[in-house]
Amino acid sequence: MSDRVGCSLCGRIRGADEEPAQTLAWVSTREKNAVRWMCPACARRHTRDIEGKLPDEYW
């Protein structure tokens with residue numbers, strides 16, 4: 001099993017030499033039992049989409 005994480009939107013691969021703060025900025029989502037990752041740049045661009053998937057109880 002590979003520990004490499006790639007952005008499901010742009011394809012960027014999270015590097016092992018990335019700064020810890022950048023590593024923590026990656027976002028994971030679970031859809032239909034599949035885990036998808038987004039790099040920090042794509043997560044910023046798609047924040048509204050992410051918020052829209054939160055359950056009503058969150059708000």
Restricting attention to the stretch 36-45, report how many residues are over 9 Å from the mean Cα position of the chain (by Cα) and open to solvent by 80 Å² or more (accessible area, probe 1.4 Å). 2
Give the residue, chosen from Glu57, Glu51, that is open to solvent by 80 Å² or more (accessible area, probe 1.4 Å) and not in a loop (DSSP other than H, G, I, E, B). Glu57
Which residue pairs have Cβ atoms under 6 Å apart, sit 6 or more places apart or on different chains, and have a first residue in the stretch 18-35 that is open to solvent by less than 80 Å² (accessible area, probe 1.4 Å) and a second that is aliphatic (A, V, I, L, M)? Val27/Met38; Val27/Ala43; Ser28/Val35
Thr29 meets each of (1) touching a helix residue (DSSP H, G or I) at 6+ places or on another chain (Cβ under 9 Å); (2) of a type in the set (S, T, N, Q); (3) in a helix (DSSP H, G or I) with one exception, condition (3)
Can you work out which of the residues in the stretch 1-13 that are in contact (Cβ under 8 Å) with a residue 24 or more places away in the chain and open to solvent by 60 Å² or more (accessible area, probe 1.4 Å) is farthest from Leu54 (Cα to Cα)? Arg12
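The values are calculated or read from the model by the stated rules, or taken from the named source; none is laboratory data. The structure displayed is predicted, hence computed values, not measured ones. Note that we place each Cβ from the backbone using ideal geometry, even for glycine, and neighbour counts take in every protein chain shown. Quick note on the areas: whole protein, heavy atoms, side chains included, nothing else; ligands and nucleic acids left out. Shrake-Rupley method; radii C 1.70, N 1.55, O 1.52, S 1.80 Å.
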